[in-house]
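Step one of this worksheet: look at the structure below.
The values are calculated or read from the model by the stated rules, or taken from the named source; none is laboratory data. On a predicted model such as this, the values are computed, not experimentally measured, just so you know. Note: ideal-geometry Cβ built from the backbone for every residue, glycine included; neighbour counts use all protein chains shown. These accessible areas exclude ligands, DNA and RNA; they are computed on the full protein's heavy atoms, side chains included. Shrake-Rupley method; radii C 1.70, N 1.55, O 1.52, S 1.80 Å.
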Amino acid sequence: MAFIKRNKNQPQGVYAFIDSQNLNLGVQKMGWKMDWRKFRQFLASEYGVTKAYMFIGYIVENEKLYEQIHEAGYLVVLKPTVDTSKPLNPSTEPAKPTDDPDVARKSQVKGNIDAELVLWAVKEMPHYSKAVIVSGDGDFYCLAEYLLQQGKLAKLLTPNWQYSTLLKPFDQYIVRLDQKRQQLQYRTFHRKKPAQ
């Protein structure tokens, strides 16, 4: 009978639950873009993440993006979105167009994924030994607290130093991703044109 030797530093069955909008906007606010492949590898190598759930508001035009994220190793959980610039009731008269930028209605898509992320983290709890939550949103205080009570909180990864003060009680679990920029940043490489 053969025994499989496990790395004691990387617990088995660690799941990550990622608030994609909070992460994406948080790193962009600091002036860079996340390389999703590098981030998935980082989660695996640093925290032993075996499954990474990416929670995203669904927009039809972004189908290719969702496929790319899935191909990078994420389990994509899509939430229906609502365009708040359009009337919810079709019989409601739409706003009249105007040239005044202060009066013109802006298209704003809402797809808050907080409830889905919490639901999946709790629903999947029997299947993982530890959880990594990726968000700086204070709405996840109750989830972090519950995971901690259950002995299942591995880390809270925040996009930058501007995370919610509600998460301060978990400081010993917080890792700021802005401090990992060199490791996780998306880079485009341009070939130099040959001298003529």
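Every residue, every condition in (1) open to solvent by less than 40 Å² (accessible area, probe 1.4 Å); (2) within 15 Å of F42 (Cβ to Cβ); (3) free of Cβ contacts under 8 Å to residues at least 12 places away in the same chain; (4) of a type in the set (K, R), yes or no:
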site	(1), (2), (3), (4)
K123	no, no, yes, yes
S129	no, no, no, no
L153	yes, no, no, no
K168	no, no, yes, yes
Q179	no, yes, yes, no
L184	yes, yes, no, no
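For residues in the range 47-78 being surrounded by 16 or more Cβ atoms within 10 Å (Cβ to Cβ) and part of a helix (DSSP H, G or I), which is farthest from the chain's Cα centre (by Cα)?
Ranking the qualifying residues of the range 47-78, first place goes to Y47.
Within the range 13-30, track down each residue that is more than 11 Å from P159 (Cβ to Cβ) and touching a Lys or Arg at 6+ places or on another chain (Cβ under 8 Å).
G13, V14, Y15, A16
Are any residues in the range 49-85 touching a residue at least 40 places away in the same chain (Cβ under 8 Å) and small (G, A, S), and if so, which ones?
G57
Looking only at the range 95-104, decide whether some residue is at pLDDT below 90 and open to solvent by less than 50 Å² (accessible area, probe 1.4 Å).
For the range 95-104, residues at pLDDT below 90 and open to solvent by less than 50 Å² (accessible area, probe 1.4 Å): present.
Taking strands (runs of 3 or more DSSP E) that fall entirely within the range 114-196, which contain at least 1 residues that are over 16 Å from K29 (Cα atoms), β-branched (V, I, T) and under 18 Å from the mean Cα position of the chain (by Cα)?
The strands (runs of 3 or more DSSP E) meeting that bar are 130-134, 174-176.
Could you check the range 12-46 and list, in sequence order, the residues that are of a type in the set (S, T, Y) and surrounded by 21 or more Cβ atoms within 10 Å (Cβ to Cβ)?
Y15, S20
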